[in-house]
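Before any comments, here is the structure.
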Amino acid sequence: FSSPVTVTLTGAGGQIGYALLFRIASGQLLGPDVPVRLQLLEIPAGIAGAEGAALELEDGAFPLLDSVEVTDRAARAFNGTQMALLVGSRPRGPGMERADLLAANGAIFGPQGAAINEHAASDIRVVVVGNPANTNALIAQSHAPDVPRERFTALTRLDHNRALGQLAARLTVPVRDIDGVTIWGNHSASQYPDVSHATAGGTPVRDLVDEEWLTREFIPRVANRGAEIIEVRGSSSVGSAASATIDHVHDWVNGQRSRWTSVALPSDGSYGVPDGLVSSFPAESVDGQWRIVQGLELDEFSKSRIAASVAELATEREQVQGLGLL
Ligand code: NAX
C-alpha cells in the first residue's frame, strides 16, 4: 500500500455524496492500493445524512478506508486535504433568479476556496460538481490565491460520458471503441459536444453519422440529458454523476485511457477562450496535471458553438464580479 491520501467531500449527506462514498472507499477514486482518509463536510441540516453514511462505511469494512470524519466546519474538513470533491451546493429553488443562485453559491464556494487556501495540503487538487459548476470553480479558485489555478477544475466528464454513450448506442459499438470526443464550454445546455475529431474503432465518426443526426439529435440530447433524466426518473442524475466524478479524479491522478477526455479548467487563452474562465476543453493528464490538448482544427460551426458557450461563461463571470464574489 502507498501512503494514505486525504480526500474531502462536501455535500456528503446528499444523493451524489452517498453514491460517491462507497466507490471512494473501495479504491476506485485513486487506485486499488491507495488508502484514503475521508473528511466529510455538511451543513447542519445535512450532518445526520453524512453521519449515517459514515456508519455504513464502517459496516463496509473497506480495507482501504483509514478514517472517516464528519464535520460542519470547513477549516476542519479541508485541513491537510489533497483531493477536494466539492459536491454540496445550493440548488435553484422555485422563483429563484439566476443572480440569486449565483449569490447563494458564491456564499458557499468563496469561503470554501479560502479554507482550501489556508488549510489544504500543498498538492491539493479540486473538482467542483455542485452547480453552476464552472462558475463555482472560478469563485473558489479566486479565493485561493496561493494554489496554482489549474488545480481547480469543474466536472464536464458526465457530459463527456453522455456523449460517448449516445455515440456507442447509435453506432452499436462498445463505448471503449470511441475516442476523441470533446465537450467545450459550460456545463449547461449551451455546451458544445464535439465529434469532429472523434473516431469509432479508428474510423472518423463524421464518416459514420450524418450531419442532420449530429446537429438535430446528438448535440441537443447530450446538452439536455440532465433534464431528460429528471423527466424520466423524477430526480436528477446521481449514479452517473458520481461515476463521472470518479472518472475525472481517477484519470487526473492515473492518466486517461483515451487520447483525451473533457475537463473544465481555468483557460490559459487556448482556442480563444478568455484567460481565467473555467471552461471545458479537451485535456490529457500528464504527470498528474491536466494539459489542454493543443492544435485541434476547428471548423466554423465548432468555433461558433464554442464562442456561444464561452460567452455564457463570460456573462456569469461578469455577474459574480458585479456581486463582489470574485
Ligand atoms: P443533494 O441536494 O442530494 O445534496 C447536496 C448536499 O449538499 C446536501 O446534503 C446539502 O446539505 C449539502 N450542502 C449544501 N450546502 C453545503 C455547504 N455549504 N457545505 C457542505 N455541504 C453542503 O444534491 P445532489 O443530487 O447530491 O447534487 C449535488 C450537486 O451536484 C447539485 O448542485 C447538482 O446540481 C450538481 N450536479 C452536477 C452535475 C455535473 O455534471 N457537474 C451533474 C449532477 C448534478 O446535477
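Here, each number is a calculation from the coordinates, and none is a lab measurement. Bear in mind the structure is a predicted one, so any value in this text is a computation, not a measurement. All Cβ positions, even for glycine, are placed from backbone atoms using ideal geometry, and neighbour counts span all protein chains on display.
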Point-to-point label distance, D210-A169, nm (Cα→Cβ direction, 7 Å offset): 2.0 nm
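Taking the Cα centre of the chain as origin, sum charge times position over the Cβ atoms of Lys and Arg (+1) and Asp and Glu (-1), and report the length of that vector in debye to the nearest 20. Walk me through the numbers on the way to the answer.
Numbers: 25 positive and 38 negative charges, 37 e Å.
Using Cβ point charges on Lys, Arg, Asp and Glu, the chain gives about 180 debye.
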Counting other beta carbons within 10 Å of each residue's own, what order do R176, R76, R151 fall into, fewest first? R176, R76, R151
Treating the angle as unsigned and between 0 and 90°, give the value, to the nearest 10°, between the Cα long axis of helix 157-171 and the longest Cα principal axis of the chain. 40 degrees
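What is the gain in length, in nm to one decimal, between A308 and V286 on full extension, counting 0.36 nm per residue of separation less the C-alpha to C-alpha distance? Could you put the intermediate results ahead of the total?
Working: separation 22, 0.36 × 22 = 7.92 nm, distance 2.93 nm.
Full extension from A308 to V286 adds 5.0 nm.
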Would you calculate the separation in nanometres between label points at N254 and I230, each defined as 7 Å from the Cα along the Cα-to-beta-carbon direction? 3.3 nm
Each residue of region 3-8 in order: what ³J(HN,Hα) in whole Hz does its phi give by Karplus 6.51 cos²θ - 1.76 cosθ + 1.60, θ = phi - 60°, with x for Gly and Pro? 6, x, 10, 8, 10, 9
Under a Cβ-only charge scheme (Lys and Arg +1, Asp and Glu -1), can you give me the dipole magnitude of region 5-154 about the Cα centre, in debye to the nearest 20? 460 debye
Name the long-range amide H neighbours of V263: under 5 Å, sequence gap of 5 or more, or other chain; modelled H, no Pro or chain starts. F281, A283
Would you mind pulling out the separation of the Cα centroids of region 224-255 and region 116-170, in Å? 13 Å
Give a residue-ordered list of calculated ³J(HN,Hα) values for region 241-250 (Karplus: 6.51 cos²θ - 1.76 cosθ + 1.60, θ = phi - 60°; whole Hz; x for Gly, Pro). 5, 5, 4, 5, 5, 4, 4, 4, 6, 4
Rg and Dmax in Å for region 1-74, alpha carbons only: what are they? 11.4, 36
So if I restrict to the alpha-carbon atoms in region 5-154, what is the Rg, and what is Dmax, the biggest pairwise distance, in Å? 14.8, 47
Projected label distance in nm at S122 and R221, using a 7 Å step from Cα toward the beta-carbon: 5.0 nm
Order of I139, I108 from fewest to most other C-beta atoms within 10 Å? I108, I139
Find, to one decimal place in angstroms, the Kirkwood hydrodynamic radius of the chain, where the mean of 1/r is taken over every pair of different Cα atoms and then inverted. 19.9 Å
Calculated P(r) tail over 27 Å for region 157-317, as whole % of Cα pairs: 19 percent
